[in-house]
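To keep things clear, I will list the structure first and then write my remarks on it.
Values quoted throughout were computed directly from the atomic coordinates according to the rules given, and no laboratory measurement underlies them. For clarity, every value in this text was computed on a predicted model and none was experimentally measured. Heads up, the Cβs are rebuilt from the backbone with ideal geometry, glycines too, and the neighbour counts pull from every protein chain shown.
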Amino acid sequence: MSLIKLIKKLPKTELHLHIEGSLEPSLMWALASKHGVSLPFDSVEAIEAAYQFEDLQSFLDLYYQGADVLRDEDDFYQLMMAYLTRCYEDNVVHAEIMFDPQTHTSRGVGFDVFMPAFQRAMDEAKQKWGMSVYLIMSFLRHLPEKDAIETLTQARAYYPMIKAVGLDSSELGNPPEKFVKVFAAARALGFKCVAHAGEEGPPEYIWQALDLLRVDRIDHGVRSIEDETLMKRLKDEGIPLTVCPQSNIKLCVFDHMKEHNILELLDDDLCVTVNADDPSYFGGYLNDNYRALMTHLAMDEIQLVKLVKNSFIASFLPPEEKNSWLRKIDLLVAGQ
Ligand code: HPA
Ligand code: ZN
């Protein structure tokens, strides 16, 4: 089987995906007109043309502006359903999806609007396609820790729907140490923990995420390569990195896909995974990201299978489910 076919055929998980970042320009346009929200663009094409970024902040400015069209329950249902449909098409059998409550509560759109919508779409995807979905509630790191603590409290009625907490938004100047208390509280409540670190920020932020926030996974983490001791720690403890290749190119973390370090990290035996981050803004869903590694980094079959297996190993699925998917992958690869 060709590598392209194998990318499509292998069951996969996606572990680093912001649901607000899957808002396609066409849906943004439709919801803006539904709610009478004025956008600074005069067509869907003009929205697409604006997706040129020089760094994380230039992207976040557009991303928060785009999320403003999400107003009622049906908007959030459509958003989640559109992404889960893409999962089905890409053979993503399990997804761990981040959402940013503060992006919505700050506009007067509360948990009672978006959580039932997410649940409805997740139930439908489970029923139609057998897909499993976990939610990761992410705190916005450019805001004070007290706002994150308030968000954790506001979410109380929905704790059973939430698997983990995360940390996203503007990394530089907002180190993990700012959020020690809220992560300790989340851990005490039984949530898994993840944090964006080492996307634009230095290796020191990854150390802090590990030592102070005690995270189970690092989102991005590509800058760990600058610190040999950190690389050893990640490897020895099997701490996964959820790497997002196309995101890193769009946000100029690397100048070109040919310079991306994901396969070096993989060949160094780190548990790296492939993810889309914000697919609508960065020009590709999960399989597009795998294909980019094949085209620009000459990823081979062994590396592909390792990356896909890592996506299950790094997930928060129960061990029996992980093992069952890993066995299916082995059978599929052996029988192709
Ligand atoms: N980094 C930080 N915050 C984010 C991102 C990202 O890639 N996407 C959405 N919020
Ligand atoms: Zn991200």
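Kindly indicate whether Pro25 is within 16 Å of ligand 2 (Cβ to nearest atom) and either crowded, with 20+ Cβ neighbours inside 10 Å or under 13 Å from Ser280 (Cα atoms) (or both). It is false that Pro25 is within 16 Å of ligand 2 (Cβ to nearest atom) and either crowded, with 20+ Cβ neighbours inside 10 Å or under 13 Å from Ser280 (Cα atoms) (or both).
Looking only at residues of segment 287-317 that are hydroxyl-bearing (Ser, Thr, Tyr) and not in a loop (DSSP other than H, G, I, E, B), we find that the one that is farthest from Asn91 (Cα to Cα) is Thr295.
What tally of residues in segment 275-303 results from selecting those that are among the β-branched types (Val, Ile, Thr) and touching a residue at least 40 places away in the same chain (Cβ under 8 Å)? Of the residues in that region, 0 qualify. Screening Glu145, Glu96 for residues that are among the acidic types (Asp, Glu) and away from ligand 2 (no atom under 16 Å from the Cβ) leaves exactly one candidate, Glu145. Residues that are of a type outside the set (Gly, Ala, Ser), within 13 Å of ligand 2 (Cβ to nearest atom) and crowded, with 18+ Cβ neighbours inside 10 Å number at least 3 in the following helices (runs of 4 or more DSSP H) confined to segment 175-286: 245-250, 279-282. Please specify each residue of segment 287-336 satisfying the condition of being surrounded by 14 or more Cβ atoms within 10 Å (Cβ to Cβ) and polar (S, T, N, Q). Hits for segment 287-336 are Asn287, Asn289, Gln303, Asn310, Ser311, Ser315.
Hey, any hits in segment 124-145 for a residue that's of a type in the set (Val, Ile, Thr) and not in a loop (DSSP other than H, G, I, E, B)? Scanning segment 124-145, I find at least one residue that is of a type in the set (Val, Ile, Thr) and not in a loop (DSSP other than H, G, I, E, B), so the answer is yes. Which members of segment 220-237 meet the condition of being within 16 Å of ligand 1 (Cβ to nearest atom) and either basic (Lys, Arg) or within 16 Å of Glu177 (Cα to Cα) (or both)? Within segment 220-237, Arg223 is the sole residue that qualifies. Looking only at segment 28-59, which residues are under 22 Å from Ala82 (Cα atoms), buried (at least 21 other Cβ atoms within 10 Å of the Cβ) and within 16 Å of ligand 1 (Cβ to nearest atom)? Answer for segment 28-59, where residues must be under 22 Å from Ala82 (Cα atoms), buried (at least 21 other Cβ atoms within 10 Å of the Cβ) and within 16 Å of ligand 1 (Cβ to nearest atom): Met28, Phe59. Considering segment 52-82, the residues that are part of a loop (DSSP other than H, G, I, E, B), in contact with a Leu (Cβ under 7 Å, 6 or more places away or on another chain) and not charged (D, E, K, R) include one that is farthest from Met122 (Cα to Cα), namely Phe53.
Number of residues in segment 132-172 that are charged (D, E, K, R), out of contact with any His (no Cβ under 7 Å at 6 or more places or on another chain) and within 15 Å of ligand 1 (Cβ to nearest atom): the value is 1.
Looking across Thr85, Thr103, one residue alone is of a type in the set (Val, Ile, Thr) and either outside any helix (DSSP H, G or I) or away from ligand 1 (no atom under 16 Å from the Cβ) (or both). It is Thr85.
Criterion applied to Tyr281, Tyr290, Tyr285 was being on the phi < 0 side of the Ramachandran plot, in contact with a strand residue (DSSP E or B) (Cβ under 8 Å, 6 or more places away or on another chain) and not acidic (Asp, Glu), and the one residue passing it is Tyr290. Quick check: is even one residue across segment 187-207 hydroxyl-bearing (Ser, Thr, Tyr) and in contact (Cβ under 8 Å) with a residue 60 or more places away in the chain? No; the residues of segment 187-207 include none that is hydroxyl-bearing (Ser, Thr, Tyr) and in contact (Cβ under 8 Å) with a residue 60 or more places away in the chain.
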